[in-house]
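The values are calculated or read from the model by the stated rules, or taken from the named source; none is laboratory data. This one's a predicted model, so the numbers in the text were calculated from it and none came from an experiment. Cβ placement follows ideal geometry from the backbone for every residue including glycine, while neighbour counts extend to all protein chains displayed. Quick note on the areas: whole protein, heavy atoms, side chains included, nothing else; ligands and nucleic acids left out. Shrake-Rupley method; radii C 1.70, N 1.55, O 1.52, S 1.80 Å.
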Amino acid sequence: MANIAEKYKKEQANPTANPRSSRPDSTAARLARFALGSIFGIAFLFGCYIMLATALRGPDTITMDGVTQKAGLIPNQKLPTEELKENDIAPDFVLGQLGGNPVQLSKFRGKVVFVNFWASWCIPCQDEIKDINDFYKQHKNDSSVAVLTVNQKEDDSTIKSFFKDNGGVTVPVLLDKNSEVAGGYFVTKFPESYFLDKNGKIVAIQRGQLSAAEIKAFYEKALASGN
């Protein structure tokens, strides 16, 4: 027994002497650890690249009427400090348009303007966009109204695919790439809609999905305002 106990103590003091307590890594195990480390390394480098590219790109800029400016809210205007309400003047903005020229909100003074904030991942937006598109098609040749849908942070291909999947939507889309305009309007949920009269005053706000009947009613309210 003394010999066995002495042998056990020696094995514990020198684990390498006991082949059962220390087994060399297999080639498969070493390769698995190398692959896992490589994946994490590549992911880290890719994340750094994205952050660097975003920082170097700077703000989104557009050229309108021969002037290059930052897309988003127009500077040097009085901006709201809380959620917008009826009778407020809608904050002015300029944004690029999908497949068209840049758009500035204040240039539509003299018209009723329907502004809708949306995103393709928003389920209520998917239902609502069809009614908005129907309204747009009914009034696209009407000089008294403009329809502006403001998309949030999505690229051109995502928007086009969304429109194709929803029956070929053709309503104008403005690109709020960093959600600066949505932030300036204190948009809290999608969709969110504003109806402006010809003086740029907000006459109706809908935070949530609009029905076709509500679109018509709010349009008529905005049309009657300011006359």
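Do we find that Ser193 is in contact with a strand residue (DSSP E or B) (Cβ under 7 Å, 6 or more places away or on another chain) and among the small types (Gly, Ala, Ser) in this structure? So Ser193 fits the description; yes. Taking the criterion of being among the aliphatic types (A, V, I, L, M) and exposed (fewer than 14 other Cβ atoms within 10 Å of the Cβ), the only residue of segment 83-131 that qualifies is Ile123.
The C-beta contact set for segment 176-189 (first residue more than 13 Å from Val115 (Cα to Cα), second residue open to solvent by less than 70 Å² (accessible area, probe 1.4 Å), distance under 6 angstrom, 6+ apart or interchain) comprises Lys177/Asp60; Ser179/Gln152; Glu180/Gly72; Glu180/Leu73; Gly184/Leu73; Gly184/Pro91.
Residue count for segment 82-128, restricted to those that are free of Cβ contacts under 8 Å to residues at least 12 places away in the same chain and more than 19 Å from the chain's Cα centre (by Cα): 1. Considering (1) open to solvent by less than 70 Å² (accessible area, probe 1.4 Å); (2) closer than 18 Å to Val103 by Cα, the lone condition that Thr170 does not fulfil carries the number (1). Within segment 131-149, residues that are closer than 19 Å to Pro191 by Cβ sit with their Cβ atoms under 6 Å from residues that are open to solvent by 40 Å² or more (accessible area, probe 1.4 Å) and of a type in the set (Lys, Arg), at 6+ positions apart or across chains, in these pairs: Val145/Lys111; Ala146/Lys111.
Residues checked against (1) under 30 Å from Thr68 (Cα atoms); (2) out of contact with any Asp or Glu (no Cβ under 9 Å at 6 or more places or on another chain); (3) modelled with pLDDT of 95 or more:
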| site | (1), (2), (3) |
| --- | --- |
| Tyr136 | yes, yes, yes |
| Asp165 | no, yes, no |
| Leu174 | yes, yes, yes |
| Asn178 | yes, no, no |
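Being within 14 Å of the chain's Cα centre (by Cα) and either of a type in the set (Gly, Ala, Ser) or within 16 Å of His139 (Cβ to Cβ) (or both) holds for only one residue in Gly168, Gly200, Gly208, Gly183, and it is Gly183.
Within segment 144-167, the residues that satisfy the criterion of being part of a loop (DSSP other than H, G, I, E, B), under 16 Å from Trp121 (Cα atoms) and open to solvent by less than 50 Å² (accessible area, probe 1.4 Å) are Glu154, Asn166. Considering only residues in segment 40-98 that are charged (D, E, K, R) and within 20 Å of Lys153 (Cα to Cα), the one that is modelled with the highest pLDDT turns out to be Asp92.
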